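Novice: Below is one structure. I have some questions about it.
The values are calculated or read from the model by the stated rules, or taken from the named source; none is laboratory data. Model, not experiment: these values are computed from the prediction. We place every Cβ from the backbone using ideal geometry, glycine too, and count neighbours over all the protein chains shown. To get the accessible areas, we keep the full protein, side chains included, count just its heavy atoms, and leave off ligands, DNA and RNA. Shrake-Rupley method; radii C 1.70, N 1.55, O 1.52, S 1.80 Å.
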Amino acid sequence: MPLPPAPAKRAAILPASAYRHDVADDAPETADAVAVAAPASRRAGTRRRASVAESAVGQDAVSAAAASGAADTAIAKPARGRRGSASGKAGAADAATASTASLLTAHPSGASATAPAASAPAAAPSSRPAGARTAAPARAASAQAAAPETVPAPAPAPAVVADAPAARSSGRRGSSRSAAVRGRIATAQRKLFVLDTNVLLHDPTCLFRFEEHDIFLPMIVLEELDGHKKGMTEVARNGRQTSRTLDALAGAQGADIAKGLQLDTTGHREAGGSLFFQTEPLDYSLPTSLPQGKADNQILGVVEALRKQHAPREVVLVSKDINMRVKARALGLDAEDYQNDKVLEDGDLLYNGALALPTDFWSTQGDDIESWQQGGHTYYRVGGPQVPNFHINQFVYFEAPGEPSLYARVTEIRERTAVLQTLKDYGSQKNAVWGMNTRNREQNFAMNLLMDPEVDFVTLAGTAGTGKTLMALAAGLTQVLDDRRYTEIIMTRATVSVGEDIGFLPGTEEEKMGPWMGALDDNLEFLAKGDGGGAGEWGRAATNELIRSRIKIKSLNFMRGRTFLNKYVIIDEAQNLTSKQMKTLITRAGPGTKIVCMGNLAQIDTPYLTEGSSGLTYAVDKFKGWPHGGHITLARGERSRLADFASEVL
């Protein structure tokens with residue numbers, strides 16, 4: 001029989017012979033007792049088996065004591081309760097008292113003795129983590145069965161132990177984590193971005209574009225930044241602005257460079273990370289084929305050292321230099337392009353300003369369609385599933401065999417309905433603009449935007465030879481010289497050369513811009529001669545000098561601070577502008593001014609600019625749906641069959 005535990009208080013210690021028992025007779029009870037040690041997940045079943053085992057052990061102890069005629073040994077049944085609870089301890093004591101009384105009453109000798117508080121020996125709290133299951137009383141009894149001759153010493157305190165299954169914690173993962181642990185985990189989840197110099201020179205506000213992640217600036221980046229701060233170029237201005245931003249962050253109250261500068265201290269609440277500087281030499285090794293003195297290679301070495309130092313945290317190099325990113329990946333380092341300045345990841349997703357209506361469009365409208373005429377236009381109030389896809393000033397067209405075509409512009413969107421306004425046909429000779437007629441559907445859409453006085457901002461995109469400059473210039477001449485809607489035409493463009501620069505140009509501002517305005521001269525010559533016929537009344541009467549007197553050529557370098565009143569502004573080659581330059585030009589518009597931006601996203605010559613980050617793409621996306629702005633992408637070239645074929649195959 002397993003040896004019962006020593007009571008806390010007892011009238012007499014029994015001799016060892018009182019505990020002698022045939023182990024074979026207790027085999028079933030011992031097996032039952034061992035079976036009590038069940039997995040922690042089988043809580044209820046373990047309790048039931050523990051109760052059965054404990055009862056069996058208690059009965060066997062009573063029978064053994066009666067046979068030997070020794071003093072009474074009462075084994076109390078442990079009480080159920082939670083560890084550390086005062087009420088649980090009280091309940092356990094009451095249960096032990098009741099169990100002892102019942103055993104004394106049933107004892108055949110009838111001898112009275114102080115009832116011992118018998119229970120399984122309690123495991124030391126420090127040796128078992130919180131929430132773990134304590135050993136069942138029967139398991140302790142079976143463990144003592146190997147040495148039945150040993151008499152345990154009296155316990156120093158009453159052994160009132162709460163039931164092990166009840167002492168199991170809730171098991172909710174993470175409920176006991178400290179704030180420090182959560183902080184370490186949050187830091188490990190944040191990325192550490194190492195910025196290249198060209199990112200800071202490209203976007204001075206890039207420090208606040210990385211959300212909750214941290215930023216690291218190597219010392220060589222600060223050195224390169226200092227070397228680009230002189231001059232009047234856009235790069236120099238960005239470098240100076242970045243330096244001022246770094247100075248503001250370092251001078252904030254409570255700033256500590258060693259611990260990192262909080263990026264939200266200057267009012268940019270969207271930035272939740274910290275800015276770290278390289279304040280000590282870093283140990284790294286690069287291949288011998290990479291010159292150690294080159295700035296790019298030093299930045300790569302810093303990234304390599306940070307990756308080892310902050311493992312397993314993710315360290316990423318951010319650079320606009322493609323070769324820099326390729327070298328980083330070749331060395332096994334993570335590298336990314338600066339994506340925040342990109343409006344679109346794919347140029348094919350750019351809003352084109354036109355939408356084809358399905359062939360069953362009219363059949364789905366039903367008989368409750370509303371239409372009316374006003375100011376020479378016909379209006380339709382339509383509904384259906386296509387309405388959520390509409391934008392204000394977006395063009396829609398319906399073309400189906402055997403049915404009349406519809407070409408309209410969305411002028412109003414209200415809940416589930418939209419109002420469509422039919423267009424003016426500038427392809428007709430009676431609606432010619434400065435003697436020019438449109439030749440395709442997209443050109444007619446563009447001319448409706450250019451001639452509408454309620455549209456203040458127009459963007460035209462398309463391949464070479466689609467007529468962007470010609471239509472903008474014809475619409476401008478008509479509204480300046482014929483309609484007197486604007487006082488003059490101001491034309492400018494980004495002076496980015498296709499090949500090598502030819503050097504400084506002599507003369508005034510307009511003379512310096514003359515070589516860049518070859519497109520203007522070509523289109524003026526075409527409009528002066530007329531497109532296969534008369535050029536209109538003004539075109540026949542006005543001389544080339546008079547036309548040029550109303551056209552001013554301005555440089556982008558001197559646009560800051562100006563305000564254009566009642567001007568017709570044409571921005572050519574806008575695909576070579578950055579988003580900041582585009583903002584500078586558009587905000588020059590005063591009352592009564594119309595701005596037309598044109599460009600071909602397939603012909604970007606500015607370094608570090610792509611279709612997704614071009615200023616033209618930026619303007620198209622931001623002005624989409626504005627009631628006083630419109631966009632159209634010209635698809636069909638009309639310059640010549642040679643130019644059209646070259647645009648497709650080259």
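Novice: Looking only at the stretch 586-600, decide whether some residue is surrounded by fewer than 18 Cβ atoms within 10 Å (Cβ to Cβ), modelled with pLDDT under 90 and part of a loop (DSSP other than H, G, I, E, B).
Specialist: No; the residues of the stretch 586-600 include none that is surrounded by fewer than 18 Cβ atoms within 10 Å (Cβ to Cβ), modelled with pLDDT under 90 and part of a loop (DSSP other than H, G, I, E, B).
Novice: Residues in the stretch 199-208: is at least one closer than 22 Å to Leu577 by Cα, of a type in the set (Val, Ile, Thr), touching a strand residue (DSSP E or B) at 6+ places or on another chain (Cβ under 9 Å) and assigned to a helix (DSSP H, G or I)?
Specialist: Yes, the stretch 199-208 contains a residue that is closer than 22 Å to Leu577 by Cα, of a type in the set (Val, Ile, Thr), touching a strand residue (DSSP E or B) at 6+ places or on another chain (Cβ under 9 Å) and assigned to a helix (DSSP H, G or I).
Novice: With respect to the numbered conditions (1) at pLDDT 95 or above; (2) surrounded by fewer than 21 Cβ atoms within 10 Å (Cβ to Cβ), which one is the sole condition not fulfilled by Lys430?
Specialist: (1)
Novice: Starting from the stretch 408-427, take each residue that is within 11 Å of His391 (Cα to Cα) and of a type in the set (Val, Ile, Thr) and list its partners that are part of a loop (DSSP other than H, G, I, E, B) and open to solvent by 50 Å² or more (accessible area, probe 1.4 Å), counting only C-beta distances under 9 angstrom and pairs at least six apart or across chains.
Specialist: Matching pairs, first to second residue: Val410/His391; Thr411/Pro627; Ile413/His391.
Novice: Here are some conditions: (1) exposed (fewer than 13 other Cβ atoms within 10 Å of the Cβ); (2) outside any helix (DSSP H, G or I). Leu261 meets all but one. Which one does it not meet?
Specialist: Among (1) exposed (fewer than 13 other Cβ atoms within 10 Å of the Cβ); (2) outside any helix (DSSP H, G or I), the lone unmet condition for Leu261 is (1).
Novice: Within the stretch 315-324, can you find the residues that are closer than 13 Å to Leu195 by Cβ and in a helix (DSSP H, G or I)?
Specialist: Result: Met324, single match.
Novice: Is the stretch 409-430 home to any residue that is polar (S, T, N, Q) and closer than 29 Å to Leu524 by Cα?
Specialist: Among the residues of the stretch 409-430, at least one is polar (S, T, N, Q) and closer than 29 Å to Leu524 by Cα, which makes the answer yes.
Novice: Does Thr463 count as open to solvent by 20 Å² or more (accessible area, probe 1.4 Å), farther than 26 Å from Arg548 by Cβ and within 44 Å of the chain's Cα centre (by Cα)?
Specialist: yes
Novice: In the stretch 281-307, what count of residues is obtained for those that are closer than 14 Å to Ile220 by Cβ, open to solvent by 50 Å² or more (accessible area, probe 1.4 Å) and part of a loop (DSSP other than H, G, I, E, B)?
Specialist: Residues meeting the conditions: 6.
Novice: Just the residues that are open to solvent by 70 Å² or more (accessible area, probe 1.4 Å), assigned to a loop (DSSP other than H, G, I, E, B) and of a type in the set (Phe, Trp, Tyr), please, taken from the stretch 601-647.
Specialist: Tyr608, Trp626 - these are the residues of the stretch 601-647 that are open to solvent by 70 Å² or more (accessible area, probe 1.4 Å), assigned to a loop (DSSP other than H, G, I, E, B) and of a type in the set (Phe, Trp, Tyr).
Novice: Name the single residue, out of those in the stretch 385-426 being among the hydroxyl-bearing types (Ser, Thr, Tyr) and part of a strand (DSSP E or B), that is farthest from Ser363 (Cα to Cα).
Specialist: Thr411
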